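Below is one structure, written out as structure tokens, with a few remarks after it.
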Amino acid sequence: MKNQVSTVSVPPYSEVVRSMIDRENDLINHRITWLTTIQGLLFATLGFAWEKQSAKVLIVILCILGIAISILQLFALISATRAICRLSDWWEANKPRDYTGPGVAGLAPRKHLISRYAVFWNWIPIFFFCTWVVILYIRAS
């Protein structure tokens, strides 16, 4: 049996990194969609149960569930943000010196650690978290 030479060409690293960043952006989109859908259902349930005296325990459960989902989604979104930052950093460190093409992302992540994670999609679960805490506080008062 003869050695076969692969005819598969390796795509340029810029295309690989760009596609990986696109995939992370898709995941962020899905996670935000899931978060807002679940939160919307929880708020709708809260609206039906708010005035009922027999639903006090249900309201507390809804608040705890909303808080827990917000925290879980925040960690998932931070993970995606971290992946994009790592890909962007890798590209900046390893791109060819003679590369004159476009960057791998429209807007590269900032270099400062806090600025990297202060992107708008990471704030959405924080707002939901705070809203559920306020609702829990109002209901407990």
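The values are calculated or read from the model by the stated rules, or taken from the named source; none is laboratory data. As the structure is a computational prediction, the values presented were derived from the model and not from experiment. Positions of Cβ are backbone-derived with ideal geometry, glycine not excepted, and every protein chain shown enters the neighbour counts.
Find all pairs meeting these conditions: Cβ atoms under 8 angstrom apart; at least six residues apart or on different chains; first residue within the stretch 18-37 and part of a helix (DSSP H, G or I); second residue of a type in the set (Val, Ile, Thr) and modelled with pLDDT of 95 or more.
Between residues of the stretch 18-37 that are part of a helix (DSSP H, G or I) and residues that are of a type in the set (Val, Ile, Thr) and modelled with pLDDT of 95 or more, the close pairs are 32/124; 35/69; 35/124; 36/124.
Name the residue that is farthest from residue 13 (Cα to Cα), counting only residues in the stretch 62-118 that are aromatic (Phe, Trp, Tyr) and under 11 Å from the mean Cα position of the chain (by Cα).
The residue in question is 75.
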